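Undergrad: Right, I'll just put the structure down here and ask away after.
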Amino acid sequence: MRARDWATAVVVVAALGASAACSARPSVLRTVGGSPVAATSAAAPTINVEPGNGTHGVRPDTPVVVSVANGAVASADLVTSDGQHLAGRTDGGGGWRVTDSLKPDTTYTLHVTAKSASGLTTTRTTSFTTLTPRAYNRAVLIPGDDWTVGVGMPVIVTFAAPVANRDAAEKALTVTSTPSVKGAWRWMTSSEVQWRPAAYWPSGTTVKVTAALGGVELSPGVWGRRTVTSSFSIGAAQISTVDVTRDIMTVRRDGKVIKVIPVTTGMTNSKPTFLTRGGIKVIMSREASVRMDAATTGTDPKDPNYYNLTVRWALRLTYSGEFLHAAPWSVASQGHANVSHGCTGMSDANAKWMYDHSQVGDVVVYTGSRRPLEWGNGYTLWNTSFADWASGR
């Protein structure tokens, strides 16, 4: 090296050393036009995707995650073979993950673009296929869409087959309402779970139920197939009280008495099985006419108490067969004596009025009976405290 070049190099190095005292030193130097400058990184982003490309038999509850080295996700699109796009979100560290549930037996394709700080981009396309279940388990929601129900109505999710993984199923179920109402789920059987508010629903409440079961393993090898929803509303607060000792039903709507109806309930001087059950009941269905056969409750056709007839204006209260209904044959006893086989009978006119002015979910409270209502014999959710309901006691 010539002496003049050597001197120039010494001056440059000295100048760089001096500047280091007041600014960060560039990590890499390169010479441009004879002067050293800091080099900028030109590395493109590297994209990693899980599940890996071409993977088969992926569990639908597997997270789909994108991570990026030397950059961040600029866009990501996870789409099924039939064109359904799934939602996702960035994770704050430059990566991305899906937020929608995967479905079983489905092929997914993921398109990702990542960008570095210097503006370089990398794109990657991968695909994977979820497992084929041994079986599916479907769910039905009650109340259904656009129903208007009474203030005592539970939310009911009924599965086609027993559910072994109840915790996972419950996590997939949500109830939202306006106004917001506190409530809790409780399993009534291995295939039915109910949600109730802490107290009767406020009149006018709107409710949406979502059962996001598409990516949930409900039992070993048995999965939910899709998300099911229902939206319904709460009508007037109609709560009736039947006093079985006085044979009177008092109907209240929004706290005001709107009708007092003479009735007859289950015989008290015969078999205990004919006594009308006491407790808080909920109207389960409205039937303009229904066939009642005593054989379904275990009564022998040769028994003097056997009956098989069609009744009108029937409101079901229990699975065992208690109804509010028209009983024109017992009008002389209504308001005076209990002569039925367990149902609550009234005149044709009063039964028609009750039928026309009632909705599924209305509450009917029975007082004065020494026969209790069995748990689960109808919608019995109001016969326990909310604390016990929520704890499963």
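The values are calculated or read from the model by the stated rules, or taken from the named source; none is laboratory data. Only a predicted model underlies this, so the values are computations on that prediction, with no experimental measurement involved. Counting neighbours? That spans all protein chains shown, and the Cβs are built from the backbone with ideal geometry, glycine included. The protein model used for the area step is the full one, side chains on, heavy atoms only, and it has no ligands, DNA or RNA in it. Shrake-Rupley method; radii C 1.70, N 1.55, O 1.52, S 1.80 Å.
Undergrad: In nanometres, what is the gap between the two model label sites at N165 and E374, each 7 Å from Cα along Cα-to-Cβ?
TA: Reported label-point gap for N165 and E374 is 3.3 nm.
Undergrad: Continuing with this model, one more query. Which whole-number percent is the relative contact order of the stretch 166-241 (Cα, under 8 Å, 6+ apart)?
TA: Rounded, it is 31 percent for the stretch 166-241.
Undergrad: Please list, or write none, the lysines whose alpha carbon is within less than 16 Å of the alpha carbon of K302, excluding same-chain residues fewer than 8 places away.
TA: Result set, ordered by chain and number: K271.
Undergrad: Continuing with this model, one more query. Tally Lys and Arg at +1 and Asp and Glu at -1 over the other residues with C-beta under 11 Å from the C-beta of L373: what net charge comes out?
TA: +1
Undergrad: Quick one: work out Rg over Rh on the C-alpha atoms of the stretch 127-228, Rh as Kirkwood radius.
TA: Value, to two decimals: 1.02.
Undergrad: How big is the stretch 255-349 by the Kirkwood estimate over distinct Cα pairs, in Å?
TA: It is 13.8 Å.
Undergrad: With the other protein chains left in place, how much accessible area per residue, in square angstrom, belongs to the stretch 263-364 at a 1.4 angstrom probe?
TA: 43
Undergrad: Please list the non-local residues whose amide H lies under 5 Å from the amide H of K259, H modeled 1.01 Å from N, same-chain partners needing a gap of 5 or more.
TA: V251
Undergrad: Here's something else I'd like to know. For the chain, what percent of Cα pairs sit more than 42 Å apart?
TA: 41
Undergrad: Given a 1.4 angstrom probe, I'd like the percentage of the accessible area of the chain that is carbon and sulfur, rounded to a whole number.
TA: The value for the chain is 53 percent carbon and sulfur by accessible area.
Undergrad: Show me, for the stretch 177-187, the HN-Hα J-couplings you get by feeding each phi into the Karplus relation (A = 6.51, B = -1.76, C = 1.60, θ = phi - 60°), rounded to Hz, glycine and proline as x.
TA: Going residue by residue, I get 8, 10, x, 5, 10, 6, x, 7, 8, 8, 7 Hz, with x marking Gly and Pro.
Undergrad: Whole angstrom only: what separates the Cα centroid of the stretch 194-250 from the Cα centroid of the stretch 69-133?
TA: 37
Undergrad: For the stretch 118-217, what is the accessible area per residue in Å² when the probe is 1.4 Å?
TA: With all protein chains present, the stretch 118-217 gives 44 Å² per residue.
Undergrad: I would also like to ask the following. In nm, give the distance between the simple-model label positions of D91 and H111, each being 7 Å from the Cα along the Cα-to-Cβ direction.
TA: Taking the two extended label points, one gets 2.3 nm.
Undergrad: Based only on the alpha carbon positions, what is the Kirkwood hydrodynamic radius of the stretch 205-268, in angstrom?
TA: This gives a value of 15.9 Å.
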